Amino acid sequence: MSAMSFDSTNRLTVEVEITNGTDVIFAERDSARPFRRAVVRAFVNERICPLVLPESLVEQLGLEIEGTTLAKYADGHTAVRPMAQRVVVCCAGREGIFSAVVLPDRDTPVLGYIVLNSLDLVIDETGRQLIPRDPRFIISYA
């Protein structure tokens, strides 16, 4: 389970570990090689789809940028934004590899629907936790 809290605007936040997936691949071949990771607080937002990372965190972790996406903001404007690749997200005892939209004007990562669904995590509002739907395994619908 991953303890959640609420920020001053009552948005859910959770602690996550973000790791450079390319570094992990190289570290598996050379155990002396370090890999970059950071433990950060992230907003949980089921209404957006992607994983969203601040540009500063992407630079800190040395994540690879490949491709772009058209980001649509809540106020209706759009902007072409870069995509970070091979982002390892560990949250509530689950781990997955994702692409992320990189935003220069953000300070906090956002876990969107894709991450929550892929890791099969649900919000337990009562216990204020982000928890696996089933602690034994990820449920996939075929």
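The values are calculated or read from the model by the stated rules, or taken from the named source; none is laboratory data. Note that the structure is a prediction, hence the values are computed from the model and not measured. No Cβ is skipped: glycine too gets one built from the backbone with ideal geometry, and neighbour counts run over all protein chains shown.
Exactly one of these conditions fails for Leu51: (1) at pLDDT below 95; (2) closer than 20 Å to Arg11 by Cα; (3) in contact with a helix residue (DSSP H, G or I) (Cβ under 7 Å, 6 or more places away or on another chain). Give me its number.
(1)
Is it the case that Gly96 is farther than 25 Å from Asp134 by Cβ and touching a strand residue (DSSP E or B) at 6+ places or on another chain (Cβ under 7 Å)?
Numbers: farther than 25 Å from Asp134 by Cβ: no; touching a strand residue (DSSP E or B) at 6+ places or on another chain (Cβ under 7 Å): yes.
When the stated conditions are applied, Gly96 does not pass them.
Conditions (1) under 18 Å from the mean Cα position of the chain (by Cα); (2) surrounded by 14 or more Cβ atoms within 10 Å (Cβ to Cβ); (3) modelled with pLDDT under 85; (4) closer than 20 Å to Ile123 by Cα, marked per residue:
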| residue | (1), (2), (3), (4) |
| --- | --- |
| Asn20 | yes, yes, no, no |
| Asp23 | yes, yes, no, no |
| Ala32 | no, no, yes, no |
| Ala38 | yes, no, no, no |
| Val44 | yes, yes, no, yes |
| Leu57 | yes, yes, no, no |
| Leu61 | yes, yes, no, no |
| Thr69 | yes, yes, no, no |
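Which residues, taken from the stretch 123-142, are surrounded by 11 or more Cβ atoms within 10 Å (Cβ to Cβ), among the β-branched types (Val, Ile, Thr) and farther than 15 Å from Arg11 by Cα?
Ile131, Ile138
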